[in-house]
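I have placed the structure first, in the form of structure tokens, so that the comments after it can refer back to it.
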Amino acid sequence: MRFESPWIFLLLLIIPLLIWIRVFRIKGGAVRFSTVEHAAKAAISLRQRLLWIPTLLRILALAFLVIALARPQAGREEIRDISKGIAIEMVVDRSSSMGAELEYKGQQLNRLEVVKRVFNEFVMGGGQKLKGRPNDLIGMITFARYPDTVCPLTLAHGALPAFLKSVNLVQTQAEDGTAIGDALALAAARLKTAEESLRREKAISDNYQIKSKVIVLLSDGENNCGKRTPLQAAEMAASWGIKVYTVAISGGDAVTAIQTPFGVYKVPMAQRVDTKAMEVIAEKTGGFFRKAEDAESLLNIYEEIDKMEKSEIESVRYIDYKESFVYFALAGIFFLVCEVVLNSTVFRKIP
């Protein structure tokens, strides 16, 4: 604790003066008696024994009010992290085949929902192993027949849950498909211009530096539409120094959504995951390829990425002060009110 105006404590010199006046004040209006022998033998009442209480209350009130005027401030040390973070683009397949069910913490959810929840734990932190990525730029691109930027690269991770809620499986055959190449190329392009665009939009400070750029690609199918092939997109990413981690989602029964006059129906479909292409993408860009057959294995893959991609953090310590004078002021007023009440009732003097 510190005091903003310590010179105010000079007012405490009033307290010794108050005590001196109380003890040595000149008494007037004396009445003469022939003898006070019998009065001296009389017992002292409880009221007389406690006559010092109002004076004590006044001293306490003055002391606390002086402390309040000195503005006590409670200091709390904070640590602000200025880091060389990592820019991570999450590229997630939302085609109809991602509607196959997987178990997640005792619940039966579709693959896309499991991917969303594990991704949220990766970014925000979950459990003992995933501590979150507070210093990293996080973005998200989803794709089916066409890629879409769901969440731009940002340090404001608090908005991520709202973005994730907007990610759903495709609803019609017209938008169904698996454009891995186009989605990967879009993510690479976003990362290539990340520094320039984010500083232009004032989304990051000048102190923030992007240490490395990473794409995490999750899909359960093979590229069957789009302008670019996955290998072409991988070559683009490699030329720009972007690392790609590829994850093949498997497990569960794959289905596809069919729009009919009576609504959307899901029917079984053959499951084809192009693991060879995903392996080549990872190899060309310096990442790795993994298979996720359930939620637990997917979580383990994220933990592996979390360990490999570490941010460099520079800690800047500072003190955040909070005003505490209110408590002392209230205490001073309380003692002052008590003195006034006692002097007006129990210790009242007439005249």
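I want the local charge near Tyr146. Using Cβ-Cβ distances under 10 Å, sum +1 for each Lys or Arg and -1 for each Asp or Glu among the other residues. Write out the running numbers ahead of the final one.
Working: positive: Arg145; negative: Asp148, Glu175, Asp182.
Charge balance in the 10 Å sphere: -2.
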So what are the ³J(HN,Hα) numbers for region 333-338, from phi and the Karplus equation (6.51, -1.76, 1.60; θ = phi - 60°), rounded to whole Hz, Gly and Pro as x? 5, 4, 5, 5, 5, 4
Rounded to the nearest 5, what % of the DSSP beta bridges within region 82-313 are antiparallel ones? 40 percent
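Count the net charge of all other residues whose Cβ sits under 15 Å from the Cβ of Glu283, scoring Lys and Arg as +1 and Asp and Glu as -1. Before the final figure, lay out the partial values.
Numbers: positive: Lys243, Lys276, Lys284, Arg290; negative: Glu235, Asp274, Glu279.
The answer is +1.
With only Lys, Arg, Asp and Glu charged, each at its Cβ (+1 for the first two, -1 for the last two), find how big the charge dipole of region 82-313 is about the Cα centre; round to the nearest 20 debye. Don't jump to the answer; show the numbers that get you there.
Values: 29 positive and 30 negative charges, 109 e Å.
Here region 82-313 has a charge dipole of around 520 debye.
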Estimated distance in nm for a label pair at Cys338 and Phe3, the labels positioned 7 Å out from Cα along Cα-to-Cβ: 2.2 nm
Gyration tensor verdict on region 82-313 (Cα atoms; rounded if a/c is under 1.5, prolate if a/b is larger than b/c, oblate otherwise): prolate
Charge context of Gly241, other residues only, Cβ under 13 angstrom, K/R +1, D/E -1: +3
Identify, among Ala248, Val123, Thr178, the residue whose Cα sits farthest towards the positive end of the charge dipole of region 82-313, taking +1 on the Cβ of Lys and Arg and -1 on the Cβ of Asp and Glu, with the dipole about the Cα centre. Val123
Provide the gained length on full extension for the span Gln232 to Asn300, in nm with one decimal, where the gain is 0.36 nm per separating residue minus the Cα-Cα distance. 21.6 nm
Potential extension, Ile14-Thr345 segment - 0.36 nm per residue separation minus Cα distance: 116.5 nm
Just grab the label-to-label distance for Lys276 and Ala329, each label 7 Å out from Cα along the Cβ direction, in nm (one decimal). 7.8 nm
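Hey, fewest Cβ within 10 Å first, where do Val150, Val214 land in order? Write down the numbers at each step before the final one.
Details: Val150 18, Val214 24.
Listed from fewest to most nearby Cβ atoms, that is Val150, Val214.
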Between Tyr104 and residues 5 or more places away or on another chain, which pairs have amide H atoms under 5 Å apart, with H built 1.01 Å from N, and which residues are they? Leu109
Checked against the positive end of the charge dipole of region 82-313 (+1 on Cβ of Lys and Arg, -1 on Cβ of Asp and Glu, about the Cα centre), the farthest of Ser197, Gln108, Gln232 is Ser197
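For the pairs Lys165/Lys243; Lys105/Lys131; Lys131/Lys211; Lys131/Lys310; Lys213/Lys284, flag any whose C-alpha to C-alpha distance is greater than 22 Å.
Numbers: Lys165/Lys243 27 Å; Lys105/Lys131 19 Å; Lys131/Lys211 19 Å; Lys131/Lys310 12 Å; Lys213/Lys284 15 Å.
Among Lys165/Lys243; Lys105/Lys131; Lys131/Lys211; Lys131/Lys310; Lys213/Lys284, the Cα-Cα distance tops 22 Å for Lys165/Lys243.
A short reminder: the numbers here are calculations on the coordinates, not readings from a lab. Being a predicted model, the structure only gives us computed values, none of them experimental. Note that we place each Cβ from the backbone using ideal geometry, even for glycine, and neighbour counts take in every protein chain shown.
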